[in-house]
Amino acid sequence: MVEDFLLDFAGQNAVWIALAVFLVLCVLLGVRIVPQSQKFVVERFGRLHSVLGPGINLIVPFLDKVAHRISILERQLPNASQDAITSDNVLVQVETSVFYRILEPEKTVYRIRDVDGAISTTVAGIVRAEIGKMELDEVQSNRNQLIAEIKKLVESAVDDWGIEVTRAEILDVNLDQATRDAMLQQLNAERARRAQVTEAEGQKRSVELNADAELYAAEQSAKARRIQAEAEAYATEIVAKAIRENGIEAAQYNVALKQVEALGAVAQGQGNQTVVLPSDAVDSFADAFKMLFGRKSQ
């Protein structure tokens with residue numbers, strides 16, 4: 001009896017132990033903790049069943065299986081170089097870099113095998129096509145516009161793969177040595193042309209300034225002559241007015257004053273001088289002084 005009891009007890013314990021092991025195994029297989037940087041693709045009987053996001057997730061043990069663990073961190077493709085020909089038939093070597101991340105892993109794992117290779121091939125084709133539409137000068141000067149267009153086209157091409165292209169960069173555009181030499185000659189010629197244009201503009205400006213200075217001097221001279229003429233005209237007008245008002249006496253007075261001024265100028269000459277007076281000079285002086293003092297008394 002004791003042996004039978006022990007056997008029954010051992011059998012019951014084995015069942016409980018097996019049940020406990022089964023429960024532990026179910027918990028281990030049914031609970032999945034997904035890191036923040038990953039997503040899990042779950043298959044059931046070989047078909048896509050669900051995608052597990054970050055955190056604690058439950059699946060059906062023995063039926064569901066985590067088939068793929070996909071990182072959703074941003075990735076950078078290795079820098080790639082490809083040859084392209086511009087619309088003006090210049091061969092260039094373009095170095096590109098692409099950043100992307102997987103948003104829908106269920107599309108990525110079931111639609112494309114080599115993600116990096118597929119994106120690299122797509123980028124190379126798009127870069128060649130876009131550069132073929134532009135001349136070399138446009139490629140150099142409109143690089144930002146070219147990068148934006150390439151990024152948009154790459155995003156459209158990889159959309160079916162559940163991928164987001166975050167950045168697309170053109171790191172460098174290299175030319176062969178012959179093209180570099182030709183561009184250097186063109187640059188030197190353009191610099192020489194600009195120097196000649198600058199010198200010609202400076203000479204033109206100098207001529208314009210000289211002409212302005214001469215015009216200003218002529219205007220000022222004309223203005224001075226006009227003022228002098230106006231002064232002489234005003235003096236003449238005053239004399240004429242005096243003659244009209246006072247008759248012959250004013251004229252004789254003015255003539256006498258002119259004679260006195262002329263004799264004074266002759267007397268101021270250097271050396272011994274002999275002054276010859278006309279016969280009526282004394283009478284003229286007397287008349288002038290008479291008229292002068294007569295006006296003062298009035």
Quiz item: Mind checking which pairs have a first residue in segment 208-234 that is in contact (Cβ under 8 Å) with a residue 24 or more places away in the chain and a second that is exposed (fewer than 10 other Cβ atoms within 10 Å of the Cβ) and part of a helix (DSSP H, G or I), Cβ under 9 Å, 6 or more apart or different chains?
Solution: none
Quiz item: For Ala195, which of the numbered conditions (1) part of a helix (DSSP H, G or I); (2) within 26 Å of Thr86 (Cβ to Cβ); (3) not polar (S, T, N, Q) fails to hold?
Solution: (2)
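Select from segment 72-83 the residues that are within 15 Å of Ser120 (Cβ to Cβ) and among the hydrophobic types (A, V, I, L, M, F, W, C) and list them in ascending order.
Leu77, Ala80
Here is a yes/no grid of residues against (1) modelled with pLDDT under 90; (2) out of contact with any Phe, Trp or Tyr (no Cβ under 9 Å at 6 or more places or on another chain); (3) β-branched (Val, Ile, Thr):
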| position | (1), (2), (3) |
| --- | --- |
| Ser37 | no, yes, no |
| Gly53 | no, no, no |
| Asn57 | no, no, no |
| His68 | no, no, no |
| Ile72 | no, yes, yes |
| Ser81 | yes, yes, no |
| Ser87 | yes, yes, no |
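The values are calculated or read from the model by the stated rules, or taken from the named source; none is laboratory data. Small disclaimer: the values here were computed from a predicted structure and weren't measured. In this analysis, Cβ positions are derived from the backbone assuming ideal geometry, glycine residues included, and neighbour counts consider all displayed protein chains.
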